[in-house]
Amino acid sequence: MRLANYDGRATIVVQGRAVDVEKASNGAMGSDPMLLSDLANHDDLRVIASAADAAAWPAVDEALLGAPVPRPPKGIAVALNYRQHAIESGREMPTEPHLFAKTENCVCGPFDEIIVPAGRTEVDYEAELVIAFGRTCKGATRENAWSHIAGVMCGQDISDRGEQFRPPVKQFTIAKSYDTFGPIGPYMVTPDELADKDALELVGRVSGEEMQRTNTSDLIFDVPALIVWLSRFITFRPGDLIWTGTPGGVGEARNPQRFLRAGDLVETEIEGIGCMRNPVVER
């Protein structure tokens with residue numbers, strides 16, 4: 001299934017049409033998009049999707065798509081999770097996941113503006129695969145890890161490098177959690193919809209120039225490994241998110257460096273999911 005926050009309402013996308021969950025269920029299910037993470041693994045939602053008469057519903061207008069998980073209870077992100085990125089950063093290959101938090105306020109929609117605070121000149125892009133939990137998860141195994149996932153999305157881990165690395169203390173969470181620094185979308189796609197959920201092509205572009213390209217099969221710690229490792233310590237619940245890491249090609253590592261500036265368009269595209277397009281503004 002392809003699930004969406006459409007005009008602020010929980011929606012299933014069927015044949016390019018926006019099927020409103022509350023209306024299609026005759027009120028048995030609510031309209032809050034946060035319900036989608038919990039419902040994604042429930043048969044009732046699949047019954048609605050299969051029974052929907054797509055022609056009776058409006059065609060999807062991308063301008064009305066918001067973040068599929070607009071208020072995540074918690075967001076965790078993984079640093080240096082592609083070999084390319086670890087190498088270009090000049091750091092040793094990690095032997096266990098390097099983690100930081102992304103706070104709820106940073107989440108925005110797939111076509112929303114990325115707001116660079118005035119005077120910040122080292123704001124960087126990071127195209128990523130984001131996963132959303134759909135079931136309570138603690139002590140997962142590699143064999144059942146994916147069963148806890150409601151869906152996958154495109155994501156960006158926008159980062160103020162000036163703040164991230166300023167002395168005396170590196171501020172990863174702050175630098176990556178400004179308002180609008182966590183776009184996600186355009187849809188939350190259930191894993192069964194993907195031909196190979198562990199091998200998805202990911203591309204990041206800035207103003208039409210390709211900056212990043214990889215396949216998620218190149219992750220150092222793939223999705224099951226991350227879920228197993230993290231769920232030893234943390235209980236995950238529906239709506240919790242993990243940003244799984246970015247490949248090589250970030251602006252900070254380029255020569256010359258390429259940071260975001262007003263007027264740029266950040267595109268994030270993942271095979272089987274779709275494409276986000278976030279314009280950059282300064283204020």
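Could you list the chymotrypsin sites (Phe, Trp or Tyr not before Pro) in region 231-283 that lie in coil according to DSSP, counting only those with at most 15 other Cβ atoms within 10 Å of their Cβ?
Values: sites: PHE233, PHE236, TRP243, PHE259; in loops: PHE233, PHE259.
Taking region 231-283 and a limit of 15 other Cβ atoms within 10 Å, the loop chymotrypsin sites (Phe, Trp or Tyr not before Pro) found are PHE233.
Which of rounded, prolate, oblate describes region 2-66, given a ≥ b ≥ c as roots of the alpha-carbon gyration tensor eigenvalues and a/c under 1.5 marking rounded, otherwise prolate only if a/b is larger than b/c? Let's see the in-between values first.
Values: a/c = 1.62, a/b = 1.15, b/c = 1.40.
Since a/c reaches 1.5 but b/c is at least a/b, the shape of region 2-66 is classed as oblate.
Between region 1-40 and region 225-283, what is the separation of their alpha carbon centroids in Å?
Between the Cα centre of region 1-40 and that of region 225-283, the gap is 25 Å.
Once the piece of chain linking ASP32 and VAL281 is laid out straight, how much longer is it, given 0.36 nm per residue of separation minus the C-alpha distance between them?
Working: separation 249, 0.36 × 249 = 89.64 nm, distance 2.87 nm.
Computed gain between ASP32 and VAL281 is 86.8 nm.
For the residue pair ASP179 and ARG120, what label-to-label distance in nm results when each label sits 7 Å from Cα along the Cα-to-beta-carbon direction?
1.2
From the phi of every residue in region 78-84, what ³J(HN,Hα) in whole Hz does the Karplus formula 6.51 cos²θ - 1.76 cosθ + 1.60 yield, where θ is phi - 60° and glycine or proline is x?
Per residue, the Karplus-derived 3J(HN,Hα) values read 10, 8, 6, 9, 10, 4, 4 Hz.
Distance in nm between label sites at ASP196 and VAL47, each 7 Å beyond Cα in the beta-carbon direction?
3.6
Can you give the FRET efficiency to the nearest 0.05 for ALA54 and ARG91, using r as the Cβ-Cβ distance and R₀ = 45 Å? Can you show the working numbers first?
Working: r = 48 Å, r/R0 = 1.08.
That pair, ALA54 with ARG91, gives E of 0.40.
Counting pairs of Cα atoms in the chain, how many percent are more than 29 Å apart?
Of all Cα-Cα pairs in the chain, 29 percent lie more than 29 Å apart.
Of the lysine pairs in the chain, how many meet both conditions: Cα atoms under 16 Å apart, and a spacing of 8 or more in sequence or different chains?
Details: LYS74/LYS102; LYS74/LYS138; LYS74/LYS176; LYS102/LYS170; LYS102/LYS176.
Qualifying lysine pairs in the chain: 5.
Using helices alone, what [θ] at 222 nm do you get for the chain, with -39,500 (n - 2.57) per DSSP H run of 4 or more residues, divided over all residues and rounded to the nearest 500?
My calculation for the chain gives -3000 deg cm²/dmol from helical runs alone.
Beta carbons within 10 angstrom, averaged per residue: use that to sort the peptides 104-113, 121-130, 91-100, highest first. Don't jump to the answer; show the numbers that get you there.
Working: 104-113: 19.9, 121-130: 24.5, 91-100: 13.7.
Taking the mean over residues of other Cβ atoms within 10 Å, the ranking is 121-130, 104-113, 91-100.
Return the long-range amide H neighbours of ASN5 (sequence gap of 5 or more, or a different chain), with a cut-off of under 5 Å between placed amide H atoms.
GLY66
Throughout, read-outs are computed from the coordinates displayed, never taken from laboratory work. These numbers come from a predicted model, not from an experiment. Glycine gets a Cβ as well: all are built from the backbone with ideal geometry, and neighbour counts include every protein chain shown.
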